[in-house]
1. With r defined as the distance between the Cβ atoms of Arg159 and Arg88 and R0 fixed at 35 Å, what FRET efficiency is calculated, to the nearest 0.05?
2. Restricting to bridges with both residues inside the chain, how much of the DSSP beta-bridge set is antiparallel, in percent to the nearest 5?
3. Give me the accessible area per residue for the chain, probe 1.4 Å, as a whole number in Å².
4. Within the chain, which is the longest segment containing none of the trypsin sites (Lys or Arg not before Pro) that sit in a DSSP loop and have at most 12 other Cβ atoms within 10 Å?
5. Once you sort the root eigenvalues of the Cα gyration tensor of region 28-118 as a ≥ b ≥ c, which label holds: rounded (a/c under 1.5), prolate (a/b larger than b/c) or oblate (the other case)?
6. Over 25 Å between Cα atoms, which of Lys122/Lys165; Lys89/Lys165; Lys32/Lys54; Lys54/Lys89; Lys32/Lys122 qualify?
7. Given axes a ≥ b ≥ c from the Cα gyration tensor, I'd like to know whether region 68-133 is rounded (a/c under 1.5), prolate (a/b larger than b/c) or oblate.
8. Share of the chain's accessible area from carbon and sulfur, percent, 1.4 Å?
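The values are calculated or read from the model by the stated rules, or taken from the named source; none is laboratory data. Nothing here was measured: the structure is a model prediction, and the numbers come from that model. Here Cβ is always computed from backbone atoms with ideal geometry, including for glycine, and neighbour counts include all displayed protein chains. Note: accessible area is taken over every heavy atom of the protein model, side chains too, but ligands, DNA and RNA are not part of it. Shrake-Rupley method; radii C 1.70, N 1.55, O 1.52, S 1.80 Å.
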Amino acid sequence: MNAAIVNMLTRRSCRKYRPEMPPRDLIAEVCKAGTYAPTGHGKQSPLILAVTQKALRDRLSRMNAAIWGTDNDPFYGAPVVLVVLADRKVPTAQYDGCSVMANLLNAAHAVGLDSCWIHRAKEEFDSEEGRAILQELGIEGDYVGIGHCILGYADGPLREAAARKADYVHWVE
């Protein structure tokens, strides 16, 4: 079977991470793969915010947890958070950002990192605090939060793949 397809079939979401930071070159490689995701009309509306700074990572975690209604770390201890944002003015922004997220998740697995898609980025970056974070970072524009791709190394085994539903694919021949 093709190696890219095997990578997609064997990737799993990780929900418990060791604290060590992955090498920057691996994070950069994952980010680069994200930038090659297909986007509507090639507009490249998304932006990847690569967060390795613990203070900002923890701030985003607190914001996300409050939206979720928990005190637990919604990033499961992952030391890296890749926030995907997309230009709200582009009609395909949501789809473009989801495409980037998929590339990030698959690329992480390909380079030996574990990952998980964490939601609530829209609520985070639609908030006053979220907009303030972007302003503090010098990011201009009207961005909508798409998701967080958390990265790191699994602290324990990952779950087996769930069985695929029987009617997932409908052939029309």
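1. On the way: r = 35 Å, r/R0 = 0.99.
The pair Arg159/Arg88 has a calculated efficiency of 0.50.
2. Numbers: 20 of 21 bridges.
Rounded to the nearest five, the antiparallel share is 95 percent.
3. On the way: 10220 Å² over 173 residues.
Value returned for the chain: 59 Å² of accessible area per residue.
4. On the way: sites that count: Lys89, Arg159, Arg164, Lys165.
In short, 1-88.
5. It comes out oblate by the Cα gyration axes.
6. Numbers: Lys122/Lys165 29 Å; Lys89/Lys165 36 Å; Lys32/Lys54 22 Å; Lys54/Lys89 31 Å; Lys32/Lys122 23 Å.
Over 25 Å Cα-Cα: Lys122/Lys165; Lys89/Lys165; Lys54/Lys89.
7. Details: a/c = 2.35, a/b = 1.11, b/c = 2.12.
Oblate is the answer for region 68-133, as a/c is 1.5 or above yet b/c matches or exceeds a/b.
8. On the way: 5470 of 10220 Å².
For the chain, the apolar C and S fraction of the accessible surface comes to 53 percent.
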